[in-house]
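Below: the structure, in structure tokens.
Readers should treat all values here as calculations from the given coordinates under stated rules, not as data from a laboratory. As the structure is a prediction and not an experimental result, all values here were calculated from the model. Cβ sites come from the backbone with ideal geometry, for glycine too, and all protein chains shown count toward neighbours.
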Amino acid sequence: MRPEGSSHLDRKLAYVVFRLSLGVNLLIHGADRFLGPGVDTFSTKTASEFTGTPLPAVLVHAFLIVVPFAEFILGVLMTLGLFTRWALTLGGLLITALIFGTALRNDWPTVGIQMIYAITYYLLLLNRADNAFSLDALIHA
């Protein structure tokens, strides 16, 4: 039999692990793009994948320049649990934009992977009341 209140603690622990997983994923994803080949190399290479879509090349390139910085900043915020509601909301909107572009390319396997991220954002936002181990919780305590 479980001690009283352990399921409440388990929910909070599960939330922090899930939030940290997404935060670290985004943080490293973003950092790798400017520490690895560089943002310009990433954006130029990736922009070439959109040549057959109706999206203007200049818009695609501008968006792809911003993506690594957005991923890095959102990853830091999620990892720390700071401004969690807004970081998750903006992250969800970012993945929506990525899904839009990927769908225009008819890259359905990648859209499927991106939908897993969309579900992750949904679940984290839906269960944000369990965000006890975070800077948000410390600030609002």
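Taking a Cβ cut-off of under 14 Å around L94, the surrounding Lys, Arg, Asp and Glu residues balance to a net charge of 0, with basic ones at +1 and acidic ones at -1.
Each Cα pair under 8 Å and six or more residues apart adds its sequence gap; the mean of these over the residue count of the chain is a relative contact order of 33 percent.
Were the residues from F34 through A118 laid out at 0.36 nm apart, the gain over their Cα-Cα distance would be 27.8 nm. Taking GluC sites (Glu not before Pro) across the range 1-91, the ones in a DSSP loop with at most 16 further Cβ atoms lying within 10 angstrom of their Cβ are E4. Near V39, once Lys and Arg are set to +1 and Asp and Glu to -1 for all other residues with Cβ below 14 Å from its Cβ, the sum equals -1.
Between A103 and L135, residue separation times 0.36 nm minus the direct Cα-Cα distance comes to 7.9 nm. Under the simplified labelling scheme, the N127-R85 pair shows an inter-label distance of 2.0 nm, with each label point 7 Å from Cα along Cα→Cβ.
Per DSSP H run of at least 4 residues, take -39500 (n - 2.57); add these up for the chain, divide by its residues and hand me the 222 nm value, nearest 500 deg cm²/dmol. Before the final figure, lay out the partial values.
Values: 6 runs with 108 residues, N = 141.
Per the formula, -26000 deg cm²/dmol.
Using only side-chain charges placed at the Cβ, +1 for Lys and Arg and -1 for Asp and Glu, the dipole size of the chain relative to its Cα centre rounds to 180 debye. With just the Cα atoms defining each centre, how far is the range 1-68 from the range 80-141? Give it in Å. The two parts, judged by their Cα centres, are 9 Å apart. Toward the positive end of the charge dipole of the range 10-130, with +1 on the Cβ of Lys and Arg and -1 on the Cβ of Asp and Glu, the farthest Cα among L35, L125, S21 is that of L125.
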